Amino acid sequence: MANALEIRDLRVSVEGKEILKGLTLTVKTGEVHSIMGPNGSGKSTLALALMGHPKYEVTGGEVLFKGQNILELEPDERAWLGLFLAFQYPLEIQGVPLGRFLWAAKKAQLGQSETSNGKPDKKADAKALGEFRKELKAKLSLLKLDEVFGQRYLNVGFSGGEKKRAEIVQMHLLKPQIAIMDETDSGLDIDSVRVVAEAINQLRGPEFGALIITHYQRILNFFRPDYVHVMADGRIVRSGDYSLAQELEAKGYDWILNGQEQGVS
Amino acid sequence: MPKEDVRHLGEKRHGSATVEKKRETFERDYSQYDFKFPTDRYQHVLKPGLSREIIEEISHLKNEPNWMREFRLQAYEVFLKKTMPMWGADLSTINFDRITYYASPSDKSARSWDDVPEEVKKTFDRLGIPEAERKFLAGVGAQYDSEVVYHSIREDLAKKGVVFLSMDDGLREYPDLVKEYIATVIPPTDNKFAALNSAVWSGGSFIYVPKGVQVEIPLQAYFRINAPQMGQFERTLIIADEGARVHYIEGCTAPVYSRESLHSAVVELIAKRGAHLRYTTLQNWSNDVYNLVTKRAVAYEDATVEWVDANIGSRITMKYPAVYMLGKGAKADILSVAFAGKGQHQDTGGKAIHAAPYTTSTIVSKSVSKDGGRASYRGQLVVAKGAHHAKSNVRCDALLLDERSRTDTYPYIEIDEDQVTIGHEATVGKVGDDQIFYLQSRGLSEAEALSMIVLGFMEPFTKTLPMEYAIEFNRLIQLEMEGSVG
């Protein structure tokens, strides 16, 4: 059975204000879903709440990943299960080189960070590190980032586009089963969008599922999502296939939103 | 120093009987002594407290020349007259009468491993310190193993004429050189603790690097044999002759368990014309120690002195490495890092004295406070009249990990010259939830994420270290960070 991320009637508040008002959605591995919607519809809240940001308070519903309720889990535990979030605004961390950080993350996920007696297996680590370095180099190249980015401090001094591409490098190296991408395409020029979309396409397969949050239809041209959902006011208001995205591109969001107001769905 | 002397020094060290004899010593099997060190060579512990008699006895036991005995006695008189510093950390609980001022290394090592606190042992485990080193660091054994490894390095140094001895051996083998330079940078009258050190000093390093000699590898305190690596009152003197280059590292990241609660060292550096001298300290005294150290360098024309100073352990540290730029074009680089945990006060910083034109100084101070710890930056910047075109840049960054912890900045600036460029910047930061979340979302625990951010903050320091020190330092910070979350 495919591993699934099952979101059921999810309600989330931020600083006392309810943003997600009963959202239901299932993303299985092997599927690519796209969530579209106007500003303020709660797309980023969904992404951050799924990953477990402490500021986002879950007030109702449940989220199962591989059959396990993840709402009680720390963000790192969700990551170990195979969940990944590509941030809309990746954070800058001074003094921590991208490569070193990713290696630490990789080790944490492999469960090698610390063995029971506190002594890591040096031989295995060295071998894994060698492979990791090769892979990092390959993935940087895939995202058209210079090799030197591995030594640069995490997102510090990166341009907006470089930050987004570095997120996808991280995603490739950590190999999640379900990846949430929060407006990865915003702020990218058309060439970068293509590079990023191709990198995402490479991951597609039966072992990988994605939830791609976007404001624009543009990126969807480069990889056809299996499902397209429209989000408004904290809920999914319409679901369909790729043709829905095309329809949105032609008509804008208003026809759906207005239709909803009139009770048509 | 005349050229002849330099060559003489080289020949004396190279292939000398001393080196051969030491090789023999290395090959002896010390395992039979278990936690103990053969005590037939040293077994002196003087009674606590300080007096002329005690000082004469120290000098006698060390079989020193008269001038050194006189130097000690005069320093003792200064010590009696000087008042305690009325600024900085609280030193009111130091009781000079209860301190033992001289104990030879062997009886330090005669202490049993059982006496070492459980916490220190546990930290050794976590740091992965080899068995032999643990005993040494805990003061219950001496470290001979590394001596074997470094033997060939010592021979190379000897060939180049580099003198690298304990201060005690330095005084025995090069009395004239020691006499010429000792206390020229830090006289006993400088402060009460410098006076105390001058009266009772023991151990420390004596290094002379001849003209133009580049020492490629960092010299580390534990290369030496039979010298207490970190005595209570060690005295270090390093002379880099014209155009010489040397990097010295003292200390280590494992907690040093000491029998006395006062550590008061004096370190004097002399960088002659065009010399390049870097001095790195990693201090991790156990948390009951008062660490009151005077460090000062003089830099002549076009010379560069770099102090790299990390303070992690101790209850109180007061330490402000100084560089007096006495020659045109001299440079000073002071990088000071402090970590103040529960019950600790790290009062550290740096001093840059511009006494010549076209001199440049940079002071960077980074501190982390957590669990109610306090880190203070105290710095002095002086540009004397005539030191035109001096440039100085001071930067202090403090990271506070919780609301109970504290950081202060005390910059003292005196500028007596118009044509100068001075920059001063201070920041106080906190770790943001979003940063922690970002790192956590990649699989790091909250504690690991916080450690990583702190390590990143310390990176400007860590990257100056040789790799093995950097790794140890990072592990140590990770240990210090544990338990600070949740």
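Throughout, read-outs are computed from the coordinates displayed, never taken from laboratory work. Predicted, not measured: the structure shown is a model, and the values here were computed from it. Here the Cβ positions follow ideal geometry from the backbone for every residue, glycine too, while neighbour counts run over all protein chains shown.
The HN-Hα couplings worked out from phi for the stretch B:344-350 by the Karplus form 6.51 cos²θ - 1.76 cosθ + 1.60 (θ = phi - 60°) are 9, 10, 9, 10, 9, x, x Hz, whole numbers, x standing for Gly and Pro.
Taken about its Cα centre, the stretch A:184-265 carries a charge dipole of roughly 100 debye when the Cβ of each Lys and Arg holds +1 and the Cβ of each Asp and Glu holds -1. Secondary structure note: in chain A, about 60% of the DSSP beta bridges are antiparallel.
Here the stretch B:373-397 and the stretch A:31-47 have alpha carbon centers that stand 52 Å from each other.
Between the stretch B:170-184 and the stretch B:59-88, the alpha-carbon centres lie 16 Å apart. Once the Cα atoms are used to define both axes, helix A:242-251 deviates from the longest principal axis of chain A by about 60 degrees. In vacuum, with every alpha carbon of the stretch A:1-64 counted as one equal point scatterer, what does the Debye formula give for log10 I(q)/I(0) at q = 0.11, 0.14, 0.19, 0.23 Å⁻¹? Two decimals, please. Per q value, in the given order, log10 I(q)/I(0) is -0.25, -0.40, -0.72, -1.00. Residues whose amide H comes within less than 5 Å of that of B:Thr280, counting only those at least five positions distant or on another chain, are B:Tyr248, B:Ile249, B:Glu250, B:Val308 (H built at 1.01 Å from N in the peptide plane).
Under a 5 Å amide H cut-off, with hydrogens placed 1.01 Å from N, B:Lys391 pairs with B:Thr359, B:Thr360, B:Ser361, B:Thr421 among residues at least 5 apart or on other chains. Legend: distances between Cα atoms for B:Lys272/B:Lys295; B:Lys295/B:Lys385; A:Lys28/A:Lys137; pairs beyond 26 Å are A:Lys28/A:Lys137.
Remark: B:Tyr101, B:Tyr358, B:Tyr410 ranked as B:Tyr410, B:Tyr358, B:Tyr101, counting other beta-carbon atoms within 10 Å and listing the fewest first.
Close amide H contacts of B:Thr304 (hydrogens built in the peptide plane, cut-off under 5 Å, sequence separation of 5 or more or a different chain): B:Ala275, B:His276, B:Leu277, B:Lys331. Remark: the stretch A:56-64, residue by residue, has Karplus-estimated 3J(HN,Hα) of 9, 9, 7, 10, x, x, 8, 10, 10 Hz, where x stands for each Gly or Pro and the curve is 6.51 cos²θ - 1.76 cosθ + 1.60 at θ = phi - 60°.
Mean partner shielding of peptide A:90-102, defined as the number of other chain Cβ atoms within 10 Å of each residue Cβ, is 5. How would the stretch A:41-89 be classified by its alpha-carbon gyration tensor: rounded, prolate or oblate, with rounded meaning a/c under 1.5 and the a/b versus b/c comparison settling the rest? Cα axes put the stretch A:41-89 in the oblate bin. Ordered by the count of other Cβ atoms within 10 Å of each Cβ, fewest first, A:Trp80, B:Trp307, A:Trp103 give A:Trp80, A:Trp103, B:Trp307. Cross-link pairs exceeding 24 Å between alpha carbons, from the set B:Lys319/B:Lys463; A:Lys107/A:Lys134; A:Lys122/A:Lys164: A:Lys122/A:Lys164. In order along the stretch B:232-247, the phi-based Karplus estimate (6.51 cos²θ - 1.76 cosθ + 1.60, θ = phi - 60°) of 3J(HN,Hα) comes to 6, 10, 6, 10, 10, 9, 10, 10, 9, 6, 3, x, 7, 9, 7, 10 Hz; Gly and Pro are listed as x.
Sorting B:169-175, B:49-55 by their mean Cβ neighbour count within 10 Å, with the most densely packed peptide first, gives B:169-175, B:49-55. Each of A:Thr45, B:Thr100, B:Thr317, A:Thr24 has some number of other Cβ atoms within 10 Å of its Cβ, and from fewest to most they run A:Thr24, B:Thr100, A:Thr45, B:Thr317. In chain A, the calculated helix contribution to ellipticity at 222 nm averages -11500 deg cm²/dmol per residue, counting -39,500 (n - 2.57) for every DSSP H run with n ≥ 4.
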